[in-house]
Amino acid sequence: MTSCCANSDKPMRSSALQWPWILLNVSLYAFALPWMLSAIVNQYFISKDYDSTLPGLDDTAARIFFISAHMGLGLICLLLYPLQFSQCIRRRFPKFHRWNGRVSLLAALFTSLCGMVFICLKKFHLVGGINMGIAFFTYGLVFGTCAVMTGYFARKREFRRHKNWAIRSYSQILASMLYRYFYAVLGGFQAVHFDPEEILNCDEMDVCDYFLKPFDAIHAWTFFIVPLLFAEAVIYLLRDQSKEQPTDGMHLSQEGEESCKHEEEESPGEQMNNNDNADQTKPESEVIDKSKAEASPTNKSAPQTNFIYLNSFGALFALIFLGSTVFIYVTSALGINTFSV
Ligand code: HEM
């Protein structure tokens, strides 16, 4: 999911392995960055327009405080989190990785806490009613748990678990953006119509008819559950395959073993877990060196990750999201996307 180290022996092969994940992130951030600028920075922070998208955000000072803190911290998560997956940064600037990780995880934790306080302030009646309140509160619990577990396993130096929770955590950070993304895709098909009049048709609890439709009720759950399932699939494909496949042949793992990507995925986590956590008290650099030695092509017991399936999976979704992002921009440019209010 990252670019390769400058000092890799085979940078070309490595980058060939990673392009689906880079393309997937580029496709998503091509939507996320303008959304963050226009919705969060411009609409909420500069124009202070809290009412035109989701009525009820600014009814009390407490609501404004928590929803603003929530949005600001969420923005920090979206900007900082992807950098954590860069092996180059991790190798060359380990301090940056640690500090960026601490800031991102704290931001993630407080994004979810502020969101959950906001839900409590609204007595669980969000614009989509109590269903949306429960769904978003659950999302907050999942989101916060993923952040806490990522930090917990980093401190315990159990790097495979740390990596797995980081993947789950990232899926939940992207989910907040994907919530809007799917509306934008449907807007391109003119399947949703954001009529400001209809959106402002709300009861005294600021529950609005518009957000009570079956699609919105289901989407309030699926927007974070589906990315979580996606993360589980990635973790499954990254798992140690050595128990299931003979390790004498080089066919599946050779490319990965020679690459940065492979070093990243196989070290240090797998090695530590396979050694009953014996290395947990050692500095990370020692663990990396040891894992490199163990993952060498001559070591028949080295764990293997199935990069062919992993990258085919990434490529499939990269192409789907690339197409969807282009579709959103083309339909918006033609003025036929009904997503924008
Ligand atoms: C990276 C993470 C996140 C970002 C960037 C983010 C961003 C936003 C933004 C911009 C809004 C304003 C509505 C809009 O313009 O669409 C919002 C509303 C909201 N968010 Fe988040 N959010 C994130 C994560 C979460 C989490 C984890 C929760 C769960 C507690 C949550 C709960 C809410 C709630 C309850 C609202 C108000 C909904 C309503 O009034 O009905 N968000 N968020």
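Just so it is clear, none of the values below were taken in a lab; they were calculated from the coordinates. These figures come from a predicted structure and were not determined experimentally. Heads up, the Cβs are rebuilt from the backbone with ideal geometry, glycines too, and the neighbour counts pull from every protein chain shown.
Data overview
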item: Euclidean distance of C-alpha centroids, segment 88-120 and segment 24-48, integer Å; result: 19 Å
item: Computed log₁₀ I(q)/I(0) - Debye formula, equal Cα scatterers, no solvent, segment 170-212, q 0.25, 0.30 Å⁻¹; result: -0.89, -0.95
item: Segment 57-189 - Rg (one decimal) and Dmax (whole number), Cα, Å; result: 16.0, 48
item: At 0.692 mPa s and 37 °C, Stokes diffusion of segment 120-234 via Kirkwood alpha-carbon radius, µm² per second; result: 211 µm²/s
item: Cβ crowding within 10 Å averaged over residues, with 60-73, 204-217 ranked highest first; result: 60-73, 204-217
